[in-house]
Structures are given as structure tokens and as C-alpha cells.
Amino acid sequence: AGRQTTVRIVAPEWLRLAPGRAAGLGVMRAALRLAPGPRCARALSGSATARPAQILSGIQPTGVFTIGNILGAVDNWAALQAASESRCLFMVADLHAMTMPYDPALLPHRCRVQAASIMACGVSEEKSAIFRQSAIREHTELNWALGAITPLPWLQRMTQFKDKSRAVKGSRKGTGGAAPMLKRSSEAGLGLLAYPVLQAADILVYQATAVPVGDDQRQHLELTRDVALAFNSLFCGGSGAATGSGPSGFSLTVPEPIYPPGNTARIMSLRDGRKKMSKSDPSPMSRIDITDSPDTVRAKLRRAKTDALPGLVYDKETRPERTNLLDIFSGVTGRPVADLVGEFESRDSLQFKEALAEAVVAYLSPMQAAMRELLGVEDLEALATGLREGDAAAVSGLLTDTAKIDGVLERGEEFARERAQSTMESVRAVLGLAR
């Protein structure tokens, strides 16, 4: 509250087509001859020739928000909705969460907690639609249409698929590679490979013009742009441009990325300053959760890893842990890093951590109050523990009154469904599918 957030919109380099990548698809570099400046401006403001601005983003319900999720993504969502003239779309990506092992009994609760967390961070139901991905069937319908034209090598080169595949191979060592194909703990499923196509469908089904993403999703958004251009070239009268349409009067919008501003775009683990903070990290001490009590926040930051060098210096290469704590301090207070270094460079590490802890406690306090009201749960730490440990009975016992947050999701889904259905009517028409 009262803090100003600068939103930076960065246009990516023009589509980089490897030799043969677009063979048979007719996607030509010349079709992208639009000046980067006007394209960036249109991402939020729209123009007479461009579609109205539509912002969309999403997050998987795989754990409670960390302070890294808040500072690196959701804080930015709240700023974007304030700047946007149209209603934003923020999605709880439960279909994506199915690409890894999960408990079906807990998934609905995870979605509720995720939606409440989004609202607690300042996303307003009046300015944005918050909805579950799985409630909008058009996502999966468009996913199939886009998958039919997406070359397999495009998916196989995705970094996330390669990383997860290596992890799968590591889990099979010592078994002779004889693990059954359907054993989720030891085999990557098709969903992991096809994940980026569904992500493209998530974006394109709403004709989103701008998508807030982190650096780890940059490659997936580039693929979304590639797929949209390929679809337009094949089915929309040869239209390959980022905006406009072919003779059919319809084309998919090619979205622009919005990258998080400032030093908080990538908050790192409290145990390793070179590893990104993650809500799925096995160690709770590696992160600050939105549900952490004041005492838990103080304990985690008191034990956060730092180096033994004297002074307080901002240097990501040589002093990553102290730099990460400075980024968090700056993010939760809105103060420039240089001011914080000037204030604390002559103090010891404990004094710095104590001040940081109090700043984080103050930052999280109003969010936690909002979550308690939305979910009807007083003990947020117990709720987070139940979700982390997979205790469906404990979580169900805490979430006894979900009418308020369920209403938020249902109203958001109604709005999103109408937009998605409109797009899919046109998609079916250009694909020649029966209606």
C-alpha cells in the first residue's frame, strides 16, 4: 500500500527460426515487420488497429505462495490491473499441476488457497477475473488444435522438459531402466512434454495481448508466439502478423511478454543464494511463505545463510546470499538497495536480519488478514502444513466454509468462459470443424 511499482514491458527479439523450423508452416520473418516501440505500447494500451489490451497470467497450485512468488509475480499483477482499462485474467493452473504426482483430494483445496493468496496480494475481483483453468473446457480443446500443428522438436528442446527428463532418469538408476511406463514416480508423462502447448492455449484462447512472465517462462512464451504465428499462417488467410487478421476476419493474437521490474524478479533461496526460492523446495527453511507466523519469519531469517565477509555489499556474484536478503528488504519496503546498504553497512549481520524480519512481518500481515477472512481459517500455518504434508483430512477440517472464495472463482470462471467460447467459435470455423 502506498508503494509505486514500475511496470517494464520488453518486446522480445523477432522470432528466431532455425533452418527448417517453419518448413511447411509458411511462417515468414517478413510478416513480423512491426516496430518494437508501437508493439510494446499496444500491449497495454491497444490502438485503433490492434485488439483491446488483455492481460493474462497464471500460477500452479503446487504450494502456498513464497515471498518470491509475491515480489516476483503477484505484486506485479496488482500493479498491472490498476493500469489496465480492461479486466485482467489470472488463472489457477490446476491442469498444469497434474503433470507431476498429486493428491486429487487436495487439489480443490490447493486451488482455493491459491485464489485467496492472489486476492490477498492486492488482485481485486472488480478489476480481474480469478478462475480455475480446468473449469474452462476451451483450454483443452484449443490445446488439441494447437498440438496438431506443433512440431515435436519444438517441444523436445524446451529446457523444462529436458531438466525433468534428467530427473526422471536419475530416479531410475539402479532399477535397470525397467520401471513401468505408468509409474508416476519414475517416468515422465506426455503432459510434461506437451505442457507448453497447453500453456499456449491458455494464453491464446483469451486473445491475450500481454502476459506477465518470469525468466523461467521466457522460452514457453516464445513458443506460444511461434504456435500462434503458425496457426495464423495455416488457417487465417496467411496472416502472420502480431495483430490484425486474414481474409477470414479472424486470427490468434500474438502476445507480448511483461517481465517483472527491478531486483525482485528472481528471489533466491534462504539456504543457497544461487538457487531460486521455490514453494516446492523440500526444506521450509529455504523460503518465507505467505502463511508464516511472525515468529516463524524471524526464525527463518535469523538462520538464513550469509557469508563471513565483513560489511554489507550488494554483489550477486561474490555475495549472493547477502544480496538476496537486500533484494527482499528492498521489495517489502520499497526502499532502494543503496539506502539499505548505507543504513546497515556498519551494523552486524544479526541487527540487519532482525530489521529485515520485522519489515517482512509488517509486509505479510495485511495479506494474512485477508486470507483468514477469505478462507475462514485462523491458523494459516496449520493449513500450510496440511497442504505440504498431504494431509487431506486436516486441510478439509480447517477449510469448512469455502463459500466466499468459491464464489470468487465461479464469477471469474463465468467471465473467462464467455471470452474463451467466443474465441473457440472462430477457431472451429477456420479449422472446418462441425458446430
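The values are calculated or read from the model by the stated rules, or taken from the named source; none is laboratory data. Since we're looking at a predicted model, the values are computed, not measured. So basically every Cβ, Gly included, is an ideal-geometry build from the backbone, and we count neighbours across all protein chains shown. Areas reflect the complete protein model, heavy atoms only, side chains present, ligands, DNA and RNA absent. Shrake-Rupley method; radii C 1.70, N 1.55, O 1.52, S 1.80 Å.
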Solvent-accessible area, 1.4 Å probe, carbon plus sulfur percent, for the stretch 66-154: 57
Distance in nm between pseudo-label sites at Ser86 and Ala393 (7 Å out along the Cβ direction from Cα): 4.9
Accessible carbon and sulfur surface of the stretch 296-435 relative to its total accessible area, %, 1.4 Å: 48
Tail weight of P(r) past 22 Å, computed on alpha-carbon pairs of the stretch 56-131, percent: 21
Solvent-accessible heavy-atom area per residue, rounded to whole Å², over the stretch 214-336 at 1.4 Å: 38
Per residue accessible area of the stretch 380-428, 1.4 Å probe, in Å²: 48
Peptides 219-232, 268-281, 118-131 ordered by average Cβ neighbours within 10 Å, highest first: 219-232, 118-131, 268-281
Ranked packing of 294-303, 343-352, most packed first, by mean Cβ within 10 Å: 294-303, 343-352
Label-to-label distance, nm, for residues given as Arg335 and Leu309 (7 Å Cα→Cβ offset): 2.2
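Could you give the length gained by full extension between Glu381 and Glu414, i.e. 0.36 nm per residue of separation minus their alpha carbon distance, to one decimal place?
8.7 nm
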Förster-model FRET efficiency, 25 Å R0, Asp103 and Lys275, C-beta, rounded to 0.05: 0.45
√(5λ) per eigenvalue of the Cα gyration tensor, the stretch 246-291, largest first, Å: 39, 13, 9
³J(HN,Hα) computed for each position of the stretch 214-226 - Karplus, 6.51 cos²θ - 1.76 cosθ + 1.60, integer Hz, glycine/proline x: x, 4, 6, 10, 4, 5, 5, 5, 4, 5, 4, 5, 4
Net lengthening on full extension, Gln156/Ser365 (0.36 nm per residue, minus Cα-Cα): 70.9 nm
